[in-house]
Every structure is written in C-alpha cells, then in structure tokens.
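Engineer: Got a structure here, written out as structure tokens. Questions coming.
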Amino acid sequence: MPDTKINVFEIVLLSVGVGAAILGFQLINQAYKGEGSQLSWLMVIAIFSWLTLLILFILLSLMVDVSKKELAEIKTMIYLLSEKKNKK
C-alpha cells in the first residue's frame, strides 16, 4: 500500500469536525439547561441536526480517503499498462 500524506484539506476537515462536535454539544447542553432540563421538540430537532452534521463530516472524510485510494489504483494501472505496451 502506498504511503499517503495528510494534506491541508484533511487537517481543516478534522479541525472543523472536532470544533463542530464540541461546540454543538456545548450549545445544545446550554440550551437544555436554559429550558429547565426539559426535552422539547426544538431540542430534538437541534440534536438531530447536530448528529446529521457530524455524520456528514464523517462521510466527507471517508469519501476523501476512498478517492485517494482510487487515484493510487488508477496510477498503478496506468503504470502497468505502459510497461506492458513498452514490452511489445
């Protein structure tokens, strides 16, 4: 497996994802305490939206990783095909 380096986009994605997770949890926790520790429909919607955002960050990270692997495979296939063509 080829060694892949972490690029700037992945670092930014990680920092924004961690920031969204921590900040979102803190804001939802403050809103929950502000409503007198009662769960309302607004809180359910906020929690669902926050979890959806976290899932989107995870999926984006996976898509970047898969695209890197596909690019490496395509480069390997091109290299092998060019070697095969040169042998003839």
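Engineer: What is the extension gain from Met43 to Ile22, computed as 0.36 nm multiplied by their sequence separation minus the C-alpha to C-alpha distance, in nm to one decimal?
Structural biologist: Extra length from Met43 to Ile22 when fully extended: 5.9 nm.
Engineer: With springs only between Cα atoms under 10 Å, which of Leu39, Leu60, Leu13 fluctuates most in a Gaussian network model of the chain?
Structural biologist: Checking each option, the largest mean-square fluctuation is seen for Leu39.
Engineer: First select every other residue whose beta carbon is under 14 angstrom from the beta carbon of Tyr79; then total the charges, Lys and Arg +1, Asp and Glu -1.
Structural biologist: Summing Lys/Arg as +1 and Asp/Glu as -1 gives +2.
Engineer: Using just the helices of the chain, give the 222 nm mean residue ellipticity in deg cm²/dmol: DSSP H runs with n ≥ 4 each add -39,500 (n - 2.57), and the total is spread over all residues, rounded to 500.
Structural biologist: Computed mean residue ellipticity for the chain: -31000 deg cm²/dmol.
Engineer: Round to the nearest 10 and give me the degree value, 0 to 90, for the angle of helix 8-34's Cα axis relative to the longest principal axis of the chain.
Structural biologist: Long axis of 8-34 versus the principal axis of the chain: about 10 degrees.
Engineer: With springs connecting C-alpha atoms under 10 Å apart, model the chain as a Gaussian network and identify which of Ser40, Ser49, Ser61 has the largest mean-square fluctuation.
Structural biologist: The residue with the greatest mean-square fluctuation here is Ser40.
Engineer: With unit charges on the beta carbon (Lys/Arg positive, Asp/Glu negative), name the residue among Ile58, Met43, Ala21 whose Cα is farthest towards the positive pole of the charge dipole of the stretch 8-87.
Structural biologist: Ile58
Engineer: Treating only the Cβ atoms of Lys and Arg (+1) and Asp and Glu (-1) as charged, compute the dipole magnitude of the stretch 8-87 about its Cα centre; round to the nearest 20 debye.
Structural biologist: That gives a dipole near 420 debye.
Engineer: Angle check, please: helix 41-87 long axis (alpha carbons) against the longest principal axis of the chain (alpha carbons), in degrees 0 to 90, nearest 10.
Structural biologist: Approximately 0 degrees, to the nearest ten.
Values in this text are rule-based calculations from the coordinates and carry no lab data. Everything numeric in this text was worked out from a predicted model, so none of it was measured. Neighbour counts run over all protein chains shown; Cβ positions are idealised from the backbone, glycine included.
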